[in-house]
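> Structure in structure tokens, see below.
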Amino acid sequence: MYKKIIYILLFILTVTGAEAQELQARVTVLSNRVTTNIDRKIFNTLQNQLTNLLNNRKWTNDSYKQNEKIECSFILNIESVLETNIYKASLNIQAARPVYHSSYQAAMINFQDPDVAFKYVEFQPVEFNENRVQGTDATAANLTAVFAYYAYTILGLDYDSFAPKAGEPYFRKAQNIVNNAPEGRGISGWRIFDGLRNRYWLNENLINTRYNNIHDIIYGYYRKGLDNLYDKDAEARAGVINALIQLQSFGKENPNTMIQQFFMQGKYQELVGIFKKAPAGEKAKALELLSELDVINASKYKEELR
């Protein structure tokens, strides 16, 4: 009987732990671009360790049920070997949010970070400590800092989509990583002078009070827009249109900000699906807005929404 009770308690703890974490992340490490004599199982080990970091660490104080977890994927593409155990890679990040009363996952992030230099020795601990972001080895710490930064950014965007500015605590945690980011040879993407589309600028755009409207846009697009699609199509489309109008105004007031382009990436098919069967006037308005906000896909919108 005693053993049975212990087994039951262990089962409850296991289930509770499984529901507590926030992310349901899939990590892929690709090394096919690298011609090297390194035993490639090292990259499988790294892949498993990064998956464990994202999925088993508690990133917030909230508990998530299994169906509430945020689905996301990270593709770490090894571009070159800089020296023994030190690699240069790009990172593709995608994340989605479930739409209310639906099995549909709405895109939140679809972004490529081209500047990830890191050191990794097989089976070395892959851990993140927000109080010691730089760690004892900057190049080794850079990898976990990058992954933690995007974990907090994903969480911030998800919280923003359910309540206005609810994501701010997580954008601040990402800011802490930016402010204390590792520094060293080959490490970039954390500083103001590292380019116009990097980790620094994304976080700056999300915490700068001048750009507060972007949080209303995120909330309006998802909560007032997409979440109403299950039973209020017209209201949902109106919510999305309003968010796009706000984004258009935001872009005119704040030209060339990273966050506007970042917001629109990965939404082409989603937006076509929303407006394809809309009334003619509504479809025309959507086409006008989308052609301006998502220039890369402007011709596709014209073809699909004509």
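> Would you mind telling me which numbered condition in (1) in contact with an Asp or Glu (Cβ under 8 Å, 6 or more places away or on another chain); (2) within 25 Å of Ser73 (Cα to Cα); (3) among the hydroxyl-bearing types (Ser, Thr, Tyr) Tyr222 fails?
(1)
> Any residue at all in region 97-108 that's closer than 20 Å to Lys58 by Cα and either in contact (Cβ under 8 Å) with a residue 12 or more places away in the chain or within 18 Å of the chain's Cα centre (by Cα) (or both)?
yes
> Return the residue satisfying two criteria in turn: it lies in region 288-302 and is surrounded by 14 or more Cβ atoms within 10 Å (Cβ to Cβ) and in contact (Cβ under 8 Å) with a residue 12 or more places away in the chain, and of such residues it is nearest to Asn242 (Cα to Cα).
If we take residues in region 288-302 being surrounded by 14 or more Cβ atoms within 10 Å (Cβ to Cβ) and in contact (Cβ under 8 Å) with a residue 12 or more places away in the chain, then Leu289 is nearest to Asn242 (Cα to Cα).
> Taking region 178-198 only, how many residues are of a type in the set (A, V, I, L, M) and touching a strand residue (DSSP E or B) at 6+ places or on another chain (Cβ under 6 Å)? Give the steps one after another, and end with the answer.
Keep residues of region 178-198 that are of a type in the set (A, V, I, L, M), which gives 178, 181, 187, 192, 196.
Applying the additional criterion that residues be touching a strand residue (DSSP E or B) at 6+ places or on another chain (Cβ under 6 Å) yields 187.
Going through region 178-198 one residue at a time, the tally reaches 1.
> The conditions are (1) assigned to a helix (DSSP H, G or I); (2) assigned by TED's automatic domain parsing to the domain that holds Arg132; (3) surrounded by fewer than 20 Cβ atoms within 10 Å (Cβ to Cβ), and Lys224 fails exactly one of them. Which is it?
All conditions are met except number (2).
> Tell me, which strands (runs of 3 or more DSSP E) lie completely within region 1-119 with 2 or more residues that are among the small types (Gly, Ala, Ser), modelled with pLDDT of 95 or more and touching a Gly at 6+ places or on another chain (Cβ under 9 Å)?
none
> In addition: Does Gly135 satisfy the condition of being part of a loop (DSSP other than H, G, I, E, B), surrounded by fewer than 22 Cβ atoms within 10 Å (Cβ to Cβ), in the same structural domain as Glu79 (by TED's automatic domain parsing) and touching a residue at least 12 places away in the same chain (Cβ under 8 Å)?
yes
> When you scan region 190-201, do you find a residue that is within 19 Å of Ser73 (Cβ to Cβ), touching a Ser or Thr at 6+ places or on another chain (Cβ under 6 Å) and at pLDDT below 95, even just one? Steps first, please.
Within region 190-201, the subset within 19 Å of Ser73 (Cβ to Cβ) is 199.
Subset that is touching a Ser or Thr at 6+ places or on another chain (Cβ under 6 Å): none.
No, region 190-201 has no match at all.
> Also, quick follow-up: Hey, among the residues in region 138-151 that are more than 19 Å from the chain's Cα centre (by Cα) and not hydroxyl-bearing (Ser, Thr, Tyr), which one's surrounded by the most Cβ atoms within 10 Å (Cβ to Cβ)?
In this case the residue turns out to be Ala141.
> Return only the number of the condition from (1) under 18 Å from Leu157 (Cβ atoms); (2) surrounded by fewer than 15 Cβ atoms within 10 Å (Cβ to Cβ); (3) β-branched (Val, Ile, Thr) that Thr36 does not satisfy.
Failing condition for Thr36: (1).
> Which count do you get for residues in region 107-149 that are out of contact with any Leu (no Cβ under 8 Å at 6 or more places or on another chain) and of a type in the set (Ser, Thr, Tyr)?
3
> Which residues, taken from region 162-178, are surrounded by 23 or more Cβ atoms within 10 Å (Cβ to Cβ) and either among the small types (Gly, Ala, Ser) or not assigned by TED's automatic domain parsing to the domain that holds Arg26 (or both)?
Gly167, Ala174
The values are calculated or read from the model by the stated rules, or taken from the named source; none is laboratory data. Note that the coordinates shown come from a computational prediction; the quantities given were computed from them, not determined experimentally. Quick reminder, even Gly has a Cβ in these numbers, built from the backbone with ideal geometry, and neighbours come from all protein chains shown.
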